[in-house]
Every structure is written in C-alpha cells, then in structure tokens.
1. Count charges around B:Pro61 for me, please; just the other residues with Cβ under 15 Å from its Cβ, Lys/Arg as +1, Asp/Glu as -1.
2. Evaluate the relative contact order of the range A:1-69 (contact order divided by residue number), counting alpha-carbon pairs under 8 angstrom at least 6 apart; express in whole percent.
3. Taking the Cβ of A:Thr27 as the center, what net charge do the other residues with Cβ under 15 Å away carry, scoring Lys and Arg +1 and Asp and Glu -1?
4. Ranked by Cβ crowding within 10 angstrom, fewest neighbours first, how are A:Ile11, A:Ile79, B:Ile46 ordered?
5. Please give the charge dipole size of the protein assembly as shown, origin at the Cα centre, charges +1 on K and R Cβ atoms and -1 on D and E Cβ atoms. Round to the nearest 20 debye.
6. Can you give the mean number of other chain Cβ atoms that lie within 10 Å of the Cβ atoms in peptide A:34-44?
7. Got a sec? Charge dipole of the protein assembly as shown, +1 on Cβ for Lys and Arg, -1 for Asp and Glu; which of B:Ser87, A:Phe68, A:Tyr37 is way out at the positive end?
8. In what order do A:Phe54, A:Phe47, B:Phe48, A:Phe77 fall by count of nearby beta-carbon atoms within 10 Å, going from fewest to most?
Amino acid sequence: AQKVTQAQTEISVVEKEDVTLDCVYETRDTTYYLFWYKQPPSGELVFLIRRNSFDEQNEISGRYSWNFQKSTSSFNFTITASQVVDSAVYFCALSLRGGSTLGRLYFGRGTQLTVWP
Amino acid sequence: DVKVTQSSRYLVKRTGEKVFLECVQDMDHENMFWYRQDPGLGLRLIYFSYDVKMKEKGDIPEGYSVSREKKERFSLILESASTNQTSMYLCASKGETAYTDTQYFGPGTRLTVL
C-alpha cells in the first residue's frame, strides 16, 4: 500500500524566514512520481512540481527548492525568504507508474503554512 | 493552459436530496478524478474514470456514483445526500500518458448538507 506522511500540521513563520515542509512516503514500487501542490485560501490546488523516482537531483525554482532522497524516502520542500503570499496549505502526493492505479494520487494530509508580515 | 471547471463553488442541499456535481475539462484528457477534502484528512479519492463510460472505485466510493457520458465531463452523484457528505469536492484530470502526466484540479465545490 502507498502512504504519504506530512508530519507538520501547521507551521508559522515571519516573512523572510526560510521554511522547510517535510514529506515522507512509503511504497514498494520502484517507479513512481512525487508531487507538491499548493492550495491557497481560494481552494484550488496548484501544481508545483513532479519528480520521477529515478531522478534524485534537487531542483530549484526561484525561492522554491526540493530535496528528494530515496534513502530516507523523503521529498522535502523549502521556501527561501518566505512571503505572505506563500501562506497556503501544501500537499505532498505520490503516484505509481504501472499497474492498475492509472496514475491516481495518494495525498498526505497537508501542511498549513502561515507567513506573518 | 489546462482548464478544469466545476459547476458550483458553493452548494447547499438538504438531507435526502439527489445532488449532481459537474466537472468539465478542456484538454481532451482521458483520465478524470473526484476527491473529497476534509480538515485533517487531506484529499481522498472517491472515483476515477479512464475513458468514456468507464469508472473505477477509489478509496471512499460509498454513497456516491459517477457518470462519464462524454470525454470532457465527469459527474459525481450523491443519490441521497447525508450530513456526513458535507465536504469540499475537487475534480481533476490528466492526459493519456497515465503514468507521466500531471493531474490538474478544478476550483472545488464546497457542499453543505443540512
């Protein structure tokens, strides 16, 4: 069975602080994808990144960076110099390649990030 | 850009009513999904569809059914709404490359059952 754990339910930081959101996943499959989505107060889930299980390179996009480590089954997300607009719920998710799951997503429970001015 | 639309942002229904939630995507995607989101539980998959008239149960299908008569439209049906179905419902779609494409989400429907 697949499982995604986001242990941090809520995080509060002050603007310009760096913040890391943790994600730990479980799967017996060797080929899978990992995702991060952002859900602002408006409610719509916004896709941020997809990572292939064979690609452990870290990725940086502006103030966002992702650290994928298969050895610890983790896919952590760091926001550098956080801003008030980063306030949202962030979800980590997993999908499998192959099998009958047709790429469905397995979600963590989300981390509510609040950035104070 | 992919666009997924849902028929209502907010909906209030009474217990026992039949409720239809509609989802439409404009990217000719084969795969469509319905999730519900509840505080502290994250998103849970209700049903998904990989082709017209095809459907698969997700993790929590009880009390729901779906319909996919056209490729672009995927409907979630609550045959007899109950208060425990008060929730946020999110629809998503993704393309035929089932294992590589990203799921894109609609804005969600916040359903309240009184």
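We did not get these values from a lab; they are worked out from the coordinates using the rules stated. Because the structure is a prediction, the values reported are computed rather than measured. Virtual Cβ from ideal backbone geometry, glycine too; neighbours counted across all protein chains shown.
1. Net charge in that neighbourhood comes out at +2.
2. Details: 72 pairs, mean separation 15.4, N = 69.
The value is 22 percent.
3. Working: positive: A:Lys3, A:Arg28, A:Arg51, A:Lys70, A:Arg97, A:Arg104; negative: A:Glu26, A:Asp29.
My count for the surroundings of A:Thr27 gives +4.
4. On the way: A:Ile11 16, A:Ile79 20, B:Ile46 23.
Least to most surrounded, the residues fall as A:Ile11, A:Ile79, B:Ile46.
5. Values: 27 positive and 28 negative charges, 115 e Å.
Here the size comes out at about 560 debye.
6. Details: counts 0, 2, 0, 4, 0, 6, 0, 0, 3, 10, 8.
That works out to 3 on average.
7. B:Ser87
8. On the way: A:Phe54 10, A:Phe47 16, B:Phe48 27, A:Phe77 22.
In increasing order of surrounding Cβ atoms, one gets A:Phe54, A:Phe47, A:Phe77, B:Phe48.
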